[in-house]
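For reference, the structure is listed below as structure tokens.
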Amino acid sequence: MNKVILVLSDGLRYDTAAASMGYLGHLVEAKLASLYRVTGELPSMSRPMYETIHTGLPVSIHGIVANQVIRASTKPNIFQLASAAGKTTAAAAYFWFSELYNRCPYDPVDDWEVDDDSLPIQHGRFYTQNEFPDIDLFATAGLLVRKFDPDYLLVHPMGMDNTGETFGADSKEYRNHAIRQDRWLSTHLTEWMERGYHILVTADHGINADGLHGGTTPDVRDVPLYFICPDLPGKGQIHEPISQLQIAPTICRLLELEIPETMKAAPLV
């Protein structure tokens with residue numbers, strides 16, 4: 001049975017990832033991974049793109065058009081489909097994912113740590129502060145893997161977004177955080193690869209030099225997708241861009257789920 005981990009690094013630009021993330025770059029160079037350039041959907045904002053990545057739909061269809069739209073998802077999504085198929089789901093992520101896929105509004109006590117097989121995200125560990133350390137978030141994800149062996153795990157660090165909005169993307173702080181995030185992630189990736197997970201590392205949006213996002217330019221729209229398959233060699237760096245709408249059907253295909261009719265884009269596998 002295929003298992004998938006999606007690492008959604010909030011605010012990680014394509015060019016910064018390709019230049020600064022050395023371990024992931026090694027996997028690409030050694031043809032142990034593929035690196036795609038993803039053309040992100042619009043607007044280049046977080047909550048809308050969380051829903052796009054998990055439903056394969058543009059905002060005009062799924063309706064989460066801005067960060068201020070606070071409600072549960074109403075479209076077929078990866079968590080819902082996987083749990084309905086009897087698979088185990090988990091997430092170490094910002095609390096907006098709890099609101100989208102478990103319960104809305106988020107209760108900071110009841111929803112902080114969730115283990116409930118009746119929910120779409122059955123094993124959830126949700127944080128509320130943008131400054132929550134990535135190193136601790138990755139450790140939380142590692143704990144979920146070892147404790148529950150989920151079929152689908154979302155890992156959502158906020159460090160790149162928080163650093164980029166504070167210092168701007170053209171800053172040593174932003175570039176250095178990409179280096180640190182790659183280093184923190186490397187040991188977990190090694191273990192997850194040994195456990196046979198398919199791993200996707202991508203982002204919701206980028207950041208511009210002013211520390212802003214939401215517009216249409218490549219610096220806020222182009223994000224990476226590192227794709228690691230345990231049973232297939234990687235393709236190295238692929239320069240032809242792909243659509244962000246392809247991520248959800250790709251994960252469904254990997255999880256051996258029936259791809260719903262709402263997901264129109266072609267999967268990558």
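The values are calculated or read from the model by the stated rules, or taken from the named source; none is laboratory data. Every value quoted in this text rests on a predicted model; they were computed, and no experiment measured them. When we count neighbours, we look across all protein chains shown, and the Cβ atoms used for this are built from the backbone with ideal geometry, even at glycine. Accessible surface areas use protein heavy atoms only, side chains included; no ligands, DNA or RNA. Shrake-Rupley method; radii C 1.70, N 1.55, O 1.52, S 1.80 Å.
In this structure, is F167 open to solvent by 70 Å² or more (accessible area, probe 1.4 Å) and on the phi < 0 side of the Ramachandran plot? It would help to see each step written out before you state the result.
On the way: open to solvent by 70 Å² or more (accessible area, probe 1.4 Å): yes; on the phi < 0 side of the Ramachandran plot: yes.
Yes; evaluated as a whole, the condition is true for this residue.
Working only within the stretch 90-114, note down all residues that are of a type in the set (A, V, I, L, M, F, W, C) and closer than 17 Å to M158 by Cβ. Give the steps one after another, and end with the answer.
Keep residues of the stretch 90-114 that are of a type in the set (A, V, I, L, M, F, W, C), which gives 90-93, 95-97, 100, 104, 109, 112, 114.
Within the stretch 90-114, A91, A92, A93, F95, W96, F97, L100, W112 qualify.
Identify, please: which residue in the stretch 32-55 is farther than 24 Å from Y152 by Cβ and in contact with a helix residue (DSSP H, G or I) (Cβ under 6 Å, 6 or more places away or on another chain) and is, among those, least open to solvent (accessible area, probe 1.4 Å)?
S44
Select, from L81, L154, L100, the only residue that is surrounded by 21 or more Cβ atoms within 10 Å (Cβ to Cβ), at pLDDT 95 or above and assigned to a strand (DSSP E or B). Don't jump to the end; show me each part of the working.
Details: L81 fails: assigned to a strand (DSSP E or B); L100 fails: assigned to a strand (DSSP E or B).
One residue alone meets the criteria, L154.
Just to be sure I understand, how many residues within the stretch 129-151 are closer than 20 Å to T202 by Cα, in a loop (DSSP other than H, G, I, E, B) and open to solvent by 30 Å² or more (accessible area, probe 1.4 Å)?
The number of residues fulfilling the criteria is 4.
Among the residues of the stretch 84-93, is any assigned to a loop (DSSP other than H, G, I, E, B), among the aliphatic types (A, V, I, L, M), open to solvent by less than 10 Å² (accessible area, probe 1.4 Å) and touching a Pro at 6+ places or on another chain (Cβ under 8 Å)?
Applying the first criterion (assigned to a loop (DSSP other than H, G, I, E, B)) to the stretch 84-93 yields 85-88.
Those still in the list that are among the aliphatic types (A, V, I, L, M) too: 85.
Narrowing the set further to residues that are open to solvent by less than 10 Å² (accessible area, probe 1.4 Å) leaves none.
Within the stretch 84-93 (the criterion being assigned to a loop (DSSP other than H, G, I, E, B), among the aliphatic types (A, V, I, L, M), open to solvent by less than 10 Å² (accessible area, probe 1.4 Å) and touching a Pro at 6+ places or on another chain (Cβ under 8 Å)), the answer is no, since none of the residues qualifies.
Is there a residue in the stretch 56-72 that is of a type in the set (S, T, N, Q) and crowded, with 18+ Cβ neighbours inside 10 Å? Steps first, answer last, please.
Within the stretch 56-72, the subset of a type in the set (S, T, N, Q) is 60, 67-68.
Of the ones still in play, those that are also crowded, with 18+ Cβ neighbours inside 10 Å are none.
No, that holds for no residue.
Working only within the stretch 1-31, note down all residues that are within 19 Å of I251 (Cα to Cα) and crowded, with 16+ Cβ neighbours inside 10 Å. Spell out how you get there, then give the answer.
Keep residues of the stretch 1-31 that are within 19 Å of I251 (Cα to Cα), which gives 1-10.
Listed by number, the residues that qualify are N2, K3, V4, I5, L6, V7, L8, S9, D10.
Could you grab me the full set of residues in the stretch 36-49 that are over 23 Å from N176 (Cα atoms) and either touching a strand residue (DSSP E or B) at 6+ places or on another chain (Cβ under 6 Å) or part of a helix (DSSP H, G or I) (or both)?
T39, G40, R47, P48, M49
Report every pair of residues separated by at least 6 positions or lying on different chains whose Cβ atoms are under 8 Å apart, first residue within the stretch 165-186 and within 10 Å of I135 (Cα to Cα), second hydroxyl-bearing (S, T, Y) and open to solvent by less than 20 Å² (accessible area, probe 1.4 Å).
Hits for this filter: Q181/S9.
Being on the phi > 0 side of the Ramachandran plot and among the acidic types (D, E) is the filter here; which residues of the stretch 226-257 pass it? Before you say what the answer is, go through the steps one by one.
Applying the first criterion (on the phi > 0 side of the Ramachandran plot) to the stretch 226-257 yields 236, 256.
Matches in the stretch 226-257: E256 only.
Of the conditions (1) over 14 Å from the mean Cα position of the chain (by Cα); (2) among the polar types (S, T, N, Q); (3) in a helix (DSSP H, G or I), T52 clears all except one; give me its number.
Only one criterion is unmet by T52, namely (1).
Identify, please: which residue in the stretch 104-128 is surrounded by fewer than 17 Cβ atoms within 10 Å (Cβ to Cβ) and either closer than 19 Å to P48 by Cα or touching a residue at least 40 places away in the same chain (Cβ under 8 Å) (or both) and is, among those, nearest to the chain's Cα centre (by Cα)? Break it down stepwise before answering.
To start, the set of residues in the stretch 104-128 that are surrounded by fewer than 17 Cβ atoms within 10 Å (Cβ to Cβ) comprises 104-105, 107-110, 112-113, 115-118, 128.
From what's left, either closer than 19 Å to P48 by Cα or touching a residue at least 40 places away in the same chain (Cβ under 8 Å) (or both): 104-105, 128.
Working: C104: 21, P105: 22, T128: 17 Å.
Here the residue is T128.
Has the stretch 16-35 got at least one residue that is part of a loop (DSSP other than H, G, I, E, B) and of a type in the set (K, R)? Outline the logic, then answer.
Here is the first cut: in the stretch 16-35, the residues part of a loop (DSSP other than H, G, I, E, B) are 21, 30-33.
Right, trim to of a type in the set (K, R) and you get 31.
For the stretch 16-35, residues part of a loop (DSSP other than H, G, I, E, B) and of a type in the set (K, R): present.
K75 - would you say it is within 27 Å of D151 (Cβ to Cβ), in contact with a strand residue (DSSP E or B) (Cβ under 7 Å, 6 or more places away or on another chain) and either modelled with pLDDT of 95 or more or in a helix (DSSP H, G or I) (or both)?
No, not satisfied.
Need a quick list: strands (runs of 3 or more DSSP E) entirely within the stretch 172-269 having at least 3 residues that are within 20 Å of E41 (Cβ to Cβ), modelled with pLDDT of 95 or more and open to solvent by less than 30 Å² (accessible area, probe 1.4 Å).
Values: elements: 197-202, 222-228, 236-243.
Filter on the stretch 172-269 gives 197-202, 222-228.
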